[in-house]
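The next block holds one structure in the form of structure tokens; read it before the comments.
The values are calculated or read from the model by the stated rules, or taken from the named source; none is laboratory data. Since the model is a prediction, treat every value here as computed from it, not as a measurement. Glycine also receives a Cβ, built like all others from the backbone with ideal geometry; neighbour counts cover every protein chain displayed. Keep in mind that these areas ignore ligands, DNA and RNA; they rest on the heavy atoms of the full protein, side chains included. Shrake-Rupley method; radii C 1.70, N 1.55, O 1.52, S 1.80 Å.
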Amino acid sequence: MRIIFLIGVLPFVLFAQSYGLRTFIDHANKHNPMIHSQEMKVKSKAEEIEAARSDFWPTVDVGAGYTMSTPITVIAPGQTASASAMIGMDLYDGGRRGAILNAKSFEHTASLFEKRAFEKSVALNIINSYYSIKKYKATLYALQKRSGELQTQMKRVKGFMGAGLSTSEELDRLRAAYDNNAYIIENTKLAIVQAQEELYLQSGLPAQKLKENLIREPRNVRYEPYEKSKILHAHAQAVQEQANAVGSGYLPQVNVSDQLSVYNYNDTDDIPGLTGILPDHQNRLMLSVNMRLFDNGKMKKDQEALKYQKLSLDSEKIYADKEQRMNFRVAQKRLKTLRAKLNSTKSGLKAARSSYRTIKKKFEVGIVDNVTYLDALTEVTLSQARYKETQYDYEIAKSIYYFYAGKSPREYIK
């Protein structure tokens, strides 16, 4: 019974628990299927390196065979059973194996950068969803306060109508404003659910309750190239090594091998007095040298194609560097703009609250009409939402700034 109770209660406990921003990111790094996919790619590339290293070792092959022949002759027995073992090794291959190993190493390095870049992008998406939920909840709180205020005023106007001091037109205006506000509330709730689902998809944790987290203010941040440039550079180096491997095909290929075979014969046609024609074992030591003399330039063209591919990746890297610097400059400007907006929205909220308090008192004693009152209520509601939204937009902007500075936003969460 206790186990059944725990199973039934556990989901509610998990969904009731609140999580911080760092917890969401850490959980995503361990449980996000797409990050797991990147980890598998890294492991795959690591195994390819080990396979390339193994190519430097000698090879050992064993084999067995059974042959039936007709007609039987002195040199062709009816049944022959054989077994063999051969050890072989490439003595010289023009640097092909070394180039392939280097290419695999660069590909592995690229996969590590790709994994890190993907983790950063997931962290950035989590931060965006996290603060988007907070923005929507701040807006929802302001709208719900507006709804409560409108309900209060509708009750007051109804009381005045009973005493003949107010008209149904005033009540209708308030009710229309209340209904429109209710629609906006439902829309905001939908936006919250969408952002929560996105955060749950990215992190694997429920996002109904969020702890308060801020991102450190940028100070003396040192710019560095982010993973995209490093990925392209690693891929370019891998392609260069592949080109070197192809070019090695025009150099001599030297191989040595030693094969030991044993035989057993049945149904033989022996000549009286003559034995030893068919050996029962044989050892063969072989040294081979091969070299490509003509292929109508195929390997050379393959090598040229890979070199152009490398040049293409080099150009992409140059563009990626410029693009990152551009985005970094824009991120700096965005922070400056949002700081100014924070001051503006804070002043606007202060003015809207002061104006609303004055107009509300005048409305309650009948000095101003309901249009003026609703405008003031709308303005204070929007000012509250704008101020909170700007605060959370500023946190998102800081994470973007760190991202384009080549840093991990997670490291700057307070």
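Have a look at Ala81, Ala123, Ala64 and point out the one that is surrounded by 14 or more Cβ atoms within 10 Å (Cβ to Cβ) and not aromatic (Phe, Trp, Tyr).
Just one listed residue meets the conditions, Ala123.
Give just the number: which of (1) at pLDDT below 85; (2) part of a loop (DSSP other than H, G, I, E, B); (3) not basic (Lys, Arg) does Phe56 not satisfy?
Of the numbered conditions (1) at pLDDT below 85; (2) part of a loop (DSSP other than H, G, I, E, B); (3) not basic (Lys, Arg), the odd one out for Phe56 is (1).
State yes or no: is Ala376 of a type outside the set (Ser, Thr, Tyr), buried (at least 21 other Cβ atoms within 10 Å of the Cβ) and over 29 Å from His233 (Cβ atoms)?
The answer is yes for Ala376.
Restricting the first residue to the stretch 375-396 and requiring it to be within 19 Å of Ser147 (Cα to Cα) and assigned to a helix (DSSP H, G or I), which pairs with a second residue that is open to solvent by 40 Å² or more (accessible area, probe 1.4 Å) and not basic (Lys, Arg) meet a Cβ separation below 6 Å and a spacing of at least six or different chains?
The qualifying pairs are Ala376/Ser355.
Just one of Ile359, Ile367 is of a type in the set (A, V, I, L, M, F, W, C) and crowded, with 19+ Cβ neighbours inside 10 Å; which is it?
It is Ile359.
Tell me, which residue of the stretch 401-414 that is open to solvent by 40 Å² or more (accessible area, probe 1.4 Å) and modelled with pLDDT of 90 or more is nearest to Ser129 (Cα to Cα)?
Arg410
I need the full set of residues from the stretch 219-245 which are open to solvent by 40 Å² or more (accessible area, probe 1.4 Å) and not polar (S, T, N, Q), in order please.
Hits for the stretch 219-245 are Arg219, Arg222, Tyr223, Glu224, Pro225, Lys228, Lys230, His233, His235.
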